[in-house]
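Below is one structure, written out as structure tokens; the observations come after it.
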Amino acid sequence: MPSTEKLHGSIEEYKLWSVGFNALKLKFLYLNIRSLRNKLDELEAVVNEVENVDIICLTETWLSNCEADYFNLNNYNVYHAMKTTGDGRGVAIYVRADWSCDKMHSIENYNC
């Protein structure tokens, strides 16, 4: 069972999980961001405060396809899936840049 730690910041409440797989211990950060457009600086501050986060999962990014490339974090590769019309929805997954991973293209067809 992963340990869950709730932290409070100006963004809102976010959750931090540490999960161990044999010798590998992963640290996940989850946040329902409710629009990443005006919260990137706050997100960077949270990531710096928590330290050594391996994977960051954001829901409700509210980004369009043309905006996605502007919301990067240092030392992370980002993978976005956006709804093409209307407000709300959309996810972003940030993975440490020193990790090797591939985007599953089938997720682009999912109406998130």
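The values are calculated or read from the model by the stated rules, or taken from the named source; none is laboratory data. Everything numeric in this text was worked out from a predicted model, so none of it was measured. We place every Cβ from the backbone using ideal geometry, glycine too, and count neighbours over all the protein chains shown.
The numbered conditions (1) at pLDDT 90 or above; (2) assigned to a loop (DSSP other than H, G, I, E, B); (3) of a type in the set (Phe, Trp, Tyr) are all true for Trp99 except (1). The number of residues in the range 13-67 that are closer than 15 Å to Val78 by Cβ, charged (D, E, K, R) and at pLDDT 85 or above comes to 4.
Just for the range 68-85: of the residues that are surrounded by fewer than 17 Cβ atoms within 10 Å (Cβ to Cβ) and in a helix (DSSP H, G or I), which one is modelled with the highest pLDDT? Among them, the one singled out is Tyr70.
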